[in-house]
Amino acid sequence: MVTVGVYGFDAESFLRRLRQADVRLLLDVRQRRGVRGPEYAWANSQRLQAALAEARIAYAHHRELAPTTELRHLQYAEDDRQGVGKRSRRELAAEYTRRYTSEILDRADLTPIVAELPGDGTAALLCVERDAGACHRSLIARRLTENHHVTVDHLLPGS
């Protein structure tokens with residue numbers, strides 16, 4: 001499995017990076033499947049799903065793993081306190097991590113996701129942040145590794 005964010009990619013480089021990683025299934029873990037700004041319009045749900053279908057990459061939305069609006073606002077408040085924007089964040093706030101883990105991740109059954117993983121090729125956890133450590137997908141990935149022995153790598157633009 002890999003994780004990937006939207007920021008730093010354009011549509012072409014995103015799909016190219018997925019192909020390089022042999023991604024066969026994209027697991028979208030965003031609450032709202034849109035991204036602000038014209039440069040990321042390609043990552044809005046309908047456009048992304050169409051591009052993935054054309055690239056023969058399956059798509060599944062796992063909203064149950066998305067942070068709630070309240071949790072997102074908790075992280076935004078910490079971003080503001082530290083003077084960083086969502087696109088430049090490098091790590092998650094400790095309180096966000098604690099609450100996401102207890103309120104979302106501890107209640108989620110990841111077994112069906114593990115069962116969904118392709119037998120050949122790779123699955124990708126998708127959210128928006130460039131760096132996995134700045135996104136809840138890193139917490140999901142860690143849990144998959146710890147509890148299900150899934151090997152996880154993190155894809156970055158230009159790598």
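Quick notes on this structure:
- Between Ala77 and Asn147, the distance separating the two model label sites (each 7 Å from Cα on the Cα→Cβ line) works out to 2.7 nm.
- Taking amide H as placed 1.01 Å from N in the peptide plane, Leu26 has its amide H under 5 Å from the amide H of Ala58, Tyr59, Ala60, Ala124, each at least 5 places away in sequence or on another chain.
- Distance cut-off 20 Å, percentage of C-alpha pairs in region 8-68 lying past it: 24 percent
- Region 61-159: GluC sites (Glu not before Pro) in DSSP loop, at most 16 other beta carbons within 10 Å: Glu91
- J(HN,Hα) series, region 125-135, from Karplus relation 6.51 cos²θ - 1.76 cosθ + 1.60, nearest Hz, glycine and proline x: 8, 10, 9, 9, 4, 4, 8, 4, x, 9, 9
- In nm, spacing of pseudo-spin labels at Arg19 and Glu39 (7 Å Cα→C-beta vector): 2.3 nm
- Here, region 72-159 is characterised by an Rg to Rh ratio of 0.99, where Rg is the alpha-carbon radius of gyration and Rh the Kirkwood radius.
- Here each label is just a point 7 Å from Cα along the line to Cβ, and for Arg87 and Leu156 those points are 1.8 nm apart.
- Footprinting exposure proxy for Leu155, Leu65, Leu110 (fewest neighbouring C-beta atoms within 10 Å first): Leu110, Leu155, Leu65
- Most positive-pole-ward Cα, Leu144, Gly121, Ser102, against dipole of region 90-152 from beta carbon charges: Ser102
- Computing FRET efficiency as 1/(1 + (r/R0)^6) for Glu103 and Ala58, where r is the C-beta to C-beta distance and R0 is 41 Å, gives about 0.90.
- About its Cα centre, the dipole of region 2-154 is roughly 300 debye, where the only charges are +1 on Lys and Arg Cβ and -1 on Asp and Glu Cβ.
- Length added when fully stretched, Thr69-Ala50, from 0.36 nm per residue minus Cα-Cα: 4.2 nm
Just so you know, all these numbers are worked out from the coordinates, no wet-lab data involved. What you are looking at is a predicted structure, and each value in this text was computed from that prediction instead of being measured. As a convention, Cβ positions derive from the backbone with ideal geometry for all residues, glycine included, and neighbour counts pool all protein chains shown.
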